[in-house]
Amino acid sequence: MNTFSGALFGQVDWAITDKLHLLPGIRANYDQKKVDYKRETYGGLANPTAAQLKLLQGVYSNQAFVADTSNTNYSGQLTIAYKLIKQVNLFATYAKSYKPVGVNLGGLVNDASGNPDLTTATIKPEQVNHIEIGVKTTPTKNSTLNITVYNTDIKDIKPLYNRLI
């Protein structure tokens, strides 16, 4: 597998007042992944029947494929922070991010004919929307107490799976 990932990130802390700050940030990512995949099976039953061989090939078979995928993505976040008093900081953040494109290195599922399903060779990026609201405090010189409520929504999540035919 050959991969390249590059990113640029910038964030500004804009002090609207002494107590109120706005922190916008932006990120640009480029990801490219290439794979020349080859899997050869060996071992198993000495003299499998046709039915046993079909079952074995449906689970794990010889496979070879080439995949090349890339993606450019822009994401960012926006935080607003308010220093209520010296020891208490209130904040709210919205962030949009992603998990980059991928290639399937675990082997592909087979279609009904027993051939690798090439539509599963590459993996689309996941899109993430995140909202967070909280308070950060330092009640004493040697202590910290933070409380945060958040919600994260993931679109196009890619769980790992295996399929038996």
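The values are calculated or read from the model by the stated rules, or taken from the named source; none is laboratory data. Just so it is clear, the model here is predicted, and its values are computed rather than measured. Here Cβ is always computed from backbone atoms with ideal geometry, including for glycine, and neighbour counts include all displayed protein chains.
Could you check segment 58-76 and list, in sequence order, the residues that are surrounded by 16 or more Cβ atoms within 10 Å (Cβ to Cβ) and under 21 Å from Pro125 (Cβ atoms)?
Once the filter is applied, which keeps residues that are surrounded by 16 or more Cβ atoms within 10 Å (Cβ to Cβ) and under 21 Å from Pro125 (Cβ atoms), segment 58-76 yields Phe65, Ala67, Thr69, Asn71, Asn73, Ser75, Gly76.
Of all the strands (runs of 3 or more DSSP E) wholly in segment 80-165, which have at least 2 residues that are among the small types (Gly, Ala, Ser)?
Hits in segment 80-165: 88-99.
Do the conditions hold for Tyr37, that is, is it in a loop (DSSP other than H, G, I, E, B) and under 27 Å from Thr119 (Cα atoms)?
No, not satisfied.
Lys96 passes all but one of (1) among the charged types (D, E, K, R); (2) within 22 Å of Asn29 (Cβ to Cβ); (3) at pLDDT below 95; which number fails?
(3)
Determine which member of the set Leu23, Leu8 is under 22 Å from Pro125 (Cβ atoms), within 27 Å of the chain's Cα centre (by Cα), at pLDDT 95 or above and not in a loop (DSSP other than H, G, I, E, B).
Leu8
Any chance you could count how many residues in segment 11-20 are part of a strand (DSSP E or B) and either under 29 Å from the mean Cα position of the chain (by Cα) or of a type in the set (D, E, K, R) (or both)?
Qualifying residue count for the region: 1.
Mind listing just one residue for me: the one in segment 26-61 that is within 30 Å of Thr72 (Cα to Cα) and aliphatic (A, V, I, L, M) and, of those, modelled with the lowest pLDDT?
Only one residue fits best here, namely Val35.
Checking Thr79 against (1) under 18 Å from the mean Cα position of the chain (by Cα); (2) crowded, with 17+ Cβ neighbours inside 10 Å; (3) under 30 Å from Ala15 (Cβ atoms), only one condition comes out false. Which one?
(1)
Is it true that some residue in segment 42-57 is in contact with a Ser or Thr (Cβ under 7 Å, 6 or more places away or on another chain) and surrounded by 13 or more Cβ atoms within 10 Å (Cβ to Cβ)?
no
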